[in-house]
Amino acid sequence: LAPMATCQQQSTLAGTHFTDLKIAQTARANGFHGNALVISIAVALAESSGWTKAVLVNTDCSRDRGLWQINSYWHSEVPDSQAFDPNGCARAAYTISSGGSNWQPWTTYNNGAYQQFMARARTAAQQAGG
C-alpha cells in the first residue's frame with residue numbers, strides 16, 4: 001500500500017544538467033545497450049530533463065529522485081546518495097527496468113511522454129556508441 005500522507009506535488013530541478021550525450025554515456029556505462037539504451041535516455045529526459053538532483057515530491061509524499069526519478073517509497077533500497085549520483089541512478093534504473101526490458105515502473109513510459117524524446121535519444125545513443 002502507498003503511504004497515506006498527502007503532500008503538494010512539487011518539482012525541483014537541481015544538480016548538474018546533463019546533455020543528451022552525457023545521459024547516453026552514463027546509461028551505456030551502467031549496462032544499457034541497443035534499444036534499451038535509447039529508451040533509457042528518452043525516459044531520463046522525460047523524467048528529469050537531464051538534471052542529476054531533480055526531485056519530484058508526489059501527492060503521497062514519496063520522492064522521485066535523480067536522472068531517472070527513482071521513487072523513494074517503491075525503491076527504498078536506493079538511498080538518496082545513490083539516486084543523486086548519475087552512475088548510481090543509472091545502475092538503479094538498470095536493475096528496476098530488468099536490464100532495460102521493462103519500463104512499466106516509469107509514469108513517463110506508461111503515459112507515452114518519453115516518446116517525444118526518442119529522436120534525440122536515438123542520436124545520443126549513436127554518438128555514445130550504441
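The values are calculated or read from the model by the stated rules, or taken from the named source; none is laboratory data. Since we're looking at a predicted model, the values are computed, not measured. Every residue, glycine among them, receives a Cβ derived from its backbone with ideal geometry; neighbour counts consider all protein chains shown. To get the accessible areas, we keep the full protein, side chains included, count just its heavy atoms, and leave off ligands, DNA and RNA. Shrake-Rupley method; radii C 1.70, N 1.55, O 1.52, S 1.80 Å.
Computed quantities for the displayed model
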{"quantity": "Per-residue SASA entry for Thr123, accessible area with 1.4 Å probe, Å² rounded to 10", "calculated": "70 Å²"}
{"quantity": "Nearest-10 value in Å² for the accessible area of Cys61, using the 1.4 Å probe", "calculated": "40 Å²"}
{"quantity": "Gain in span if fully extended, Tyr73 to Ser11, counting 0.36 nm per residue against the direct Cα distance", "calculated": "20.7 nm"}
{"quantity": "Accessible surface, 1.4 Å probe, highest first, among residues Val57, Val43", "calculated": "Val57, Val43"}
{"quantity": "Disulfide-incompatible cysteines by the Cβ rule (no partner under 4.7 Å) in the chain", "calculated": "Cys89"}
{"quantity": "The chain, relative contact order [Cα under 8 Å, separation at least 6], %", "calculated": "31 percent"}
{"quantity": "Label-to-label distance, nm, for residues given as Asp80 and Thr95 (7 Å Cα→Cβ offset)", "calculated": "1.9 nm"}
{"quantity": "Segment 59-115: C-alpha gyration tensor shape, a/c 1.5 cut-off, then a/b vs b/c", "calculated": "oblate"}
{"quantity": "Where labels lie 7 Å past Cα in the beta-carbon direction, separation of Ser49 and Cys61 in nm", "calculated": "2.8 nm"}
{"quantity": "Cα point-scatterer Debye curve for the chain, base-10 log of I(q)/I(0) at q = 0.17, 0.20, 0.23 Å⁻¹", "calculated": "-0.78, -1.08, -1.42"}
{"quantity": "Ellipticity estimate at 222 nm from DSSP helix runs (n ≥ 4, -39,500 (n - 2.57)) divided over the chain, nearest 500", "calculated": "-11500 deg cm²/dmol"}
{"quantity": "Linear extension gain, Gln116 paired with Gln104, 0.36 nm per residue minus alpha-carbon span", "calculated": "2.6 nm"}
